[in-house]
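Novice: Got a structure here, written out as structure tokens. Questions coming.
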Amino acid sequence: MAVVSTRSGRLGNRIAIAIVLVITLIFLSPIYWITTTAFKPLVQATSVPPSVLFEPQITPFVKLFTKRAQLTGPVSPEVYEAAPWWEKLVLDGGERLARDGNGDVVFSAYPDRFVNSLIIAITSTILAVSLGTITAYGFSRFRVKGEADLLFFILSTRMLPPIVVAIPMFLMYRAVGLNDTHVGLIILYTAFNVSFAVWLMKGFIDEIPKEYEEAALVDGYTRMQAFFKIVLPEAATGIAATAVFCFITAWNEYAFALILTNRRAQTAPPFIPSQVGTGLQDWTVIAAGTVLFLLPVAIFTFLLRNHLLRGMSFGAIRK
């Protein structure tokens, strides 16, 4: 019986591993597809059936950072030889680089949109986590009249999809002059993320024994000193996990960024799909912009990966 039980246990483990591998491949397949498309020639990226084997090139990334126009005639050998290597990649694809009146290459707005995303996502994440941590501490450590109703009201702000309130927000922002501004999106993303931060951080702070703070107060610490020196270090894992989820939400947000911004404060998500080639959507350029857009959030999540599992489960099981 013991041998049969051991064999069935091993078989079950192998089946579980196989299921996990299949699920992992399914979830990673879009990332693989968008990454390979970013290094394909346009012809192979749009071919039917799709090509799997190809010679990688960085032409889509050159196109991403430049403005281009269709060639109206053949390029002379002298001009082609004098062009830098990255411009030759564009010329080989049947396009030329746009230039200003001084003959300088006109670069695209992608770097500016990328920086806008960084500024807005990082600032709103810091504000949301800070406000959420302080609010969660108040709910966790003090008796608040109507606490359950207040917490439910905070959570209810996440129940409506963003597109439902996008038009009212646009009208209000236009009235107060916050359209197409960094401050406008930062305020909006902070308000949108703070409810999630409150609920997640409350679970962490509830698990920190109150006796730690009581001992600090007996030793002469003030309430604020106990909060900064006792509670925050203990809640560091929760703060890191909350920051990851808030950053991902602000980084990937599309609807508000599309409606409330146009040029100055536009972020990368609404800008990337607007990339066109000579008369049609250039999917290789869109893929290149998407790959670069994935890197910051992937790096940030990887650096804080040890906190994520605990952040998802900590405080979920209560006595």
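The values are calculated or read from the model by the stated rules, or taken from the named source; none is laboratory data. Predicted model only: the values in this text are computed from it and were never measured. Ideal geometry is used to build each Cβ from the backbone, glycine not excepted, and the neighbour counts take in all protein chains shown. Each accessible area value is taken on the protein alone, full model and side chains, heavy atoms only, with ligands, DNA and RNA left out. Shrake-Rupley method; radii C 1.70, N 1.55, O 1.52, S 1.80 Å.
Novice: Return the residues of the range 280-309 that are open to solvent by 60 Å² or more (accessible area, probe 1.4 Å) and among the β-branched types (Val, Ile, Thr); say none if nothing qualifies.
Specialist: Ile299
Residues are listed down the side, and each one gets a yes or a no for (1) open to solvent by less than 50 Å² (accessible area, probe 1.4 Å); (2) over 13 Å from Val129 (Cβ atoms); (3) in contact with a helix residue (DSSP H, G or I) (Cβ under 9 Å, 6 or more places away or on another chain); (4) not assigned by TED's automatic domain parsing to the domain that holds Thr135:
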{"site": "Thr181", "(1), (2), (3), (4)": "yes, yes, yes, no"}
{"site": "Ile186", "(1), (2), (3), (4)": "yes, yes, yes, no"}
{"site": "Tyr221", "(1), (2), (3), (4)": "no, yes, yes, no"}
{"site": "Pro233", "(1), (2), (3), (4)": "no, yes, no, no"}
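Novice: For the range 198-257, give me each residue that is part of a helix (DSSP H, G or I) and among the acidic types (Asp, Glu).
Specialist: If the condition is that a residue be part of a helix (DSSP H, G or I) and among the acidic types (Asp, Glu), then Asp206, Glu211, Glu213, Glu214, Glu234 are the ones that fit.
Novice: Quick check, is Phe139 closer than 30 Å to Pro270 by Cβ, of a type outside the set (Val, Ile, Thr) and not in a loop (DSSP other than H, G, I, E, B)?
Specialist: Numbers: closer than 30 Å to Pro270 by Cβ: no; of a type outside the set (Val, Ile, Thr): yes; not in a loop (DSSP other than H, G, I, E, B): yes.
So Phe139 does not fit the description; no.
Novice: Let me ask another. Just checking, which of Thr35, Thr24 is surrounded by 14 or more Cβ atoms within 10 Å (Cβ to Cβ) and in a helix (DSSP H, G or I)?
Specialist: Every option except Thr35 fails the conditions.
Novice: Among the residues of the range 74-92, is there at least one that is in contact (Cβ under 8 Å) with a residue 40 or more places away in the chain, touching a strand residue (DSSP E or B) at 6+ places or on another chain (Cβ under 9 Å) and farther than 30 Å from Trp251 by Cα?
Specialist: Looking through the range 74-92, none of the residues is in contact (Cβ under 8 Å) with a residue 40 or more places away in the chain, touching a strand residue (DSSP E or B) at 6+ places or on another chain (Cβ under 9 Å) and farther than 30 Å from Trp251 by Cα.
Novice: Tell me, which residue of the range 158-178 that is assigned to a helix (DSSP H, G or I) and modelled with pLDDT under 80 is surrounded by the most Cβ atoms within 10 Å (Cβ to Cβ)?
Specialist: Out of the qualifying residues, it is Pro162.
Novice: Answer yes or no as to whether Ala148 is more than 19 Å from Leu260 (Cα to Cα), free of Cβ contacts under 8 Å to residues at least 12 places away in the same chain and assigned to a helix (DSSP H, G or I).
Specialist: Working: more than 19 Å from Leu260 (Cα to Cα): yes; free of Cβ contacts under 8 Å to residues at least 12 places away in the same chain: yes; assigned to a helix (DSSP H, G or I): yes.
So Ala148 fits the description; yes.
Novice: With respect to Ser124, is the statement that it is among the small types (Gly, Ala, Ser), over 23 Å from Thr261 (Cβ atoms), at pLDDT 80 or above and surrounded by 15 or more Cβ atoms within 10 Å (Cβ to Cβ) true?
Specialist: No.
Novice: When you check Phe61 against the structure, is it of a type outside the set (Ser, Thr, Tyr), in contact (Cβ under 8 Å) with a residue 60 or more places away in the chain and out of contact with any strand residue (DSSP E or B) (no Cβ under 8 Å at 6 or more places or on another chain), yes or no?
Specialist: Numbers: of a type outside the set (Ser, Thr, Tyr): yes; in contact (Cβ under 8 Å) with a residue 60 or more places away in the chain: yes; out of contact with any strand residue (DSSP E or B) (no Cβ under 8 Å at 6 or more places or on another chain): yes.
Yes; evaluated as a whole, the condition is true for this residue.
Novice: Kindly indicate which of Ala215, Ala191 is without any contact (Cβ under 8 Å) to a residue 12 or more places away in the chain, assigned by TED's automatic domain parsing to the domain that holds Gly132 and open to solvent by 20 Å² or more (accessible area, probe 1.4 Å).
Specialist: That would be Ala215, the only listed residue that is without any contact (Cβ under 8 Å) to a residue 12 or more places away in the chain, assigned by TED's automatic domain parsing to the domain that holds Gly132 and open to solvent by 20 Å² or more (accessible area, probe 1.4 Å).
Novice: Out of the residues in the range 141-157 that are more than 26 Å from Ala226 (Cβ to Cβ) and surrounded by 13 or more Cβ atoms within 10 Å (Cβ to Cβ), state the one that is modelled with the highest pLDDT.
Specialist: Per the stated criteria, the residue is Leu155.
Listed here are the residues, each with its yes/no results for (1) among the hydrophobic types (A, V, I, L, M, F, W, C); (2) at pLDDT below 90; (3) outside any helix (DSSP H, G or I).
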residue: Asn262; (1), (2), (3): no, yes, yes
residue: Ala265; (1), (2), (3): yes, no, yes
residue: Thr284; (1), (2), (3): no, yes, no
residue: Thr301; (1), (2), (3): no, yes, no
residue: Asn306; (1), (2), (3): no, yes, no
residue: Leu309; (1), (2), (3): yes, yes, no
residue: Arg318; (1), (2), (3): no, yes, yes
